[in-house]
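Structure record follows, encoded as C-alpha cells.
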Amino acid sequence: MGGNQGKAGLLQRGAFGRLLLVGLGTSVVPLDSALNIAFPAMTAHFGQPLAQIQWVVICYVLTYGSLMLGIGRLGDIFGHAVVFRAGLGWSAMAYLLCTAAPSFPWLLACRGLQGIGAALIISCGPALVTSLYAEALRPRVLGAYALLFAAGSVLGPSLGGLLVDGFGWAAVFWFRTPVALAALLLLRGLPAAPNAATRDSFDLVGAGLLALSIASLLLTVNQARHGWPALPLAVLFGAATLGFLRQSGRSARPVLALHHFALPGFAALNLANALANLAGFAVLLFVPYYLTRIAVLPVGIAGLVLASSAAGTMLVSLPGGWLLGRVPARAMAASGIAGTAFALALMALWGAATPAWLLLAALLLHGAGLGVLQVSYTEIVTATLPRADRGVAGSLAMMTRTLGVVTAASLLTLAFGAAQASAEATGAGLAGAFLAGFHASLAGAAAVAVLAALLLLPGGRRRG
C-alpha cells in the first residue's frame, strides 16, 4: 500500500477515534512513570532508604508481568474489548487505594492490585488497535500505538513533578482515575467478542503454572543477594516451569505455543528485548536521584528533563512504523539497542558539572533507541504468532520488557549499593558516594545493552 493510501487508511474517522480512545485508556499504564520523579518524596514520607524503592516497582510489575500472557489468552477467547474495559474499571479503583495507603506495606499491596489492572489493559491494547485496521496497515498501526503509549511516558515525569510539588506524592496515583473512567465511558464500537460456540478452551492450569513460574523467577533474582532465601524460590521456579512445559505439551490450546521459540532467532530476539529493557530501566531508576541530588534541579524541572527520554521514544514511533516496510525489522531492533547503549555510556560519564544540553541529548537518544526497538520487536512478534493469538503476541512483547524491568530493579540497585558502599568506605562524601554508585550502575547497564544488540546481529538478514 502506498504512503498516501496508508496515511488515509490510518485516518479513517471511526477507526481513528477508537484508536485514540484505546490509546487514552492505555496511557494510564505508561503514566506510571510519574512515580519515578516521586520516588525521593515517597521514600522520605514512609521513612524508607533508597534501596527499598525497588519494591514499589517490583510489586507492580511482578504482578502484571506474571499475569499478562494468561490474560492475553483470555482476551483472545472472550474478546479483547471486554478484558480491556475490565482493566480500566479495576485500575480506576486501584489508583484510589494507592492514594489512601496508610503505610509502606499497604502501598505495596495496593501496587499489586494496580498491577492486575495494568495486565488487563496492556495485554489487549495492541490486539485491539490492530483489529481496527487491515493487516497491511499493521506496522503503522503499531507505530501509532507506540506513539500514544510513549505520550503517556512523556507526560508522566513532567506531570509527576508538578503534582508532587503541588499536592504531594499521592497525587501521582489519583490523577489517573478520571483518565481511566473517561476512556471506559467513551469507548464504543470495538470488535465484538467471539461467538461462544466457536471459542477455544482456556488452559487455566497452564496459565497458573506460567504465572507462578514468572513470579518465582523474578523473586529468585531479587533475593539472590541474600543467599539461601533464594534457594526455595529457585526450586519453585524450576518445578513451576517443568509443570508448565508438561501442561503445554498436553493441552490442545496452550497459553503460549512453545514451538514458536524454535524458529530461527525468535528466542534470541525475546532475550535481547528483555536485556535491552533491563539496561534501559536504569534511567528511570537512578536519574531522578541524579537530577535532584547532583544537578540540584527543582522536582518540577527534573520531571521535565526526565521526560525527554520518553519524548525520544515518541518522536521515533510513527517514523519507525513507516520504516518497517522498508528496513528489516531485526536490523532496526539492533540499531535501536545500539543507540540506547551509547546513551547509557554517556550517562555513566555525568558529573556535577555536566551541561544541561548533554543531559537532554543523552536522554533523548536513550528513549529513541528503546522506541525503535519496541516498534520493530512488536512487529516481529505479532507477525510470527497466528492472528488468533494476537492477545498473546501483545502480551509476550510486554512481558519480555517487564522481565527486564524487574530484573533491573533488583540487580541494578544491588550494583548501585555495592559501588556506593565501596566509595563511602574510602571516605567519599554523600555526593561522591552517590556518583560512584550512579556511574557503576549506568556503565553496567550500557554493557548489558551492548550484549543485547550483539544477540540480534547474526539474524539481522533473516527477517523483515
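Bear in mind that the values in this text are calculations on the coordinates, not laboratory data. Remember, it's a predicted structure, so these values are computed and weren't measured experimentally. Note that each Cβ is placed from the backbone with ideal geometry, even for glycine, and that neighbours are counted across all protein chains shown.
Taking 22 Å as R0, compute the FRET efficiency from the Cβ-Cβ separation of residue 383 and residue 250 and round it to 0.05. That pair, residue 383 with residue 250, gives E of 0.20.
Compared with the dominant principal axis of the Cα atoms in the chain, helix 80-99 is inclined by about 20°. Based on Cα contacts under 8 Å between residues 6+ apart, the range 204-254 shows a relative contact order of 46 percent. With the highest mean first, a sort of the peptides 321-330, 345-354 on other beta-carbon atoms found within 10 angstrom per residue produces 321-330, 345-354.
3J(HN,Hα) couplings calculated from phi for the range 67-74 with the Karplus curve 6.51 cos²θ - 1.76 cosθ + 1.60 (θ = phi - 60°) are, in sequence order, 9, 4, 5, x, 5, x, 5, 4 Hz; Gly and Pro show x. Return the unpartnered cysteines for the chain, using a Cβ-Cβ cut-off of under 4.7 Å. So, 59, 124.
For the range 115-177, the equivalent ellipsoid built from the Cα gyration tensor has semi-axes of 30, 14, 6 Å, listed from largest to smallest. Note on the range 204-254: Rg/Rh from Cα positions, Kirkwood definition for Rh, rounded to two decimals, is 1.09. Roughly what angle does helix 13-26 make with the longest principal axis of the chain, taking Cα atoms, 0 to 90 degrees, to the nearest 10? Taking the Cα atoms of the chain, the angle to 13-26 is about 40 degrees. Ellipsoid semi-axes for the range 199-352, based on the Cα gyration tensor and the rule √(5λ), read 36, 25, 14 Å when sorted largest first. Going by Cα centres, the range 232-272 and the range 46-102 are how many Å apart? The two parts, judged by their Cα centres, are 23 Å apart.
Please report, to two decimal places, log10 I(q)/I(0) for the chain at q = 0.06, 0.08, 0.10, 0.11 Å⁻¹ as given by the Debye formula with identical point scatterers on the Cα atoms and no solvent. Values returned for q = 0.06, 0.08, 0.10, 0.11 Å⁻¹ are -0.24, -0.43, -0.69, -0.85.
Sorting the Cα pairs of the range 311-382 by distance into bins of 10 Å, from 0 upward, gives 22, 46, 22, 9, 1 percent per bin. The modelled label-to-label distance for the pair residue 185/residue 235, using points 7 Å beyond Cα in the direction of Cβ, is 5.3 nm. The long axis of helix 390-425 is offset from the longest Cα principal axis of the chain by roughly 10 degrees. Dividing the mean sequence gap of close Cα pairs (under 8 Å, 6+ apart) by how many residues the chain holds gives a relative contact order of 23 percent. Here the range 97-232 has an Rg and Dmax of 19.5, 54 Å, counting Cα atoms alone.
Taken as Cα centroids, the range 117-176 and the range 373-442 sit 19 Å apart, rounded to the nearest whole angstrom. Size estimate for the range 319-464 follows the Kirkwood approach: the inverse of mean 1/r over distinct Cα pairs works out to 16.9 Å.
Hey, what number do you get for the chain at 222 nm if only DSSP H runs of n ≥ 4 count, each worth -39500 (n - 2.57), divided across all residues, to the nearest 500?
About -26000 deg cm²/dmol.
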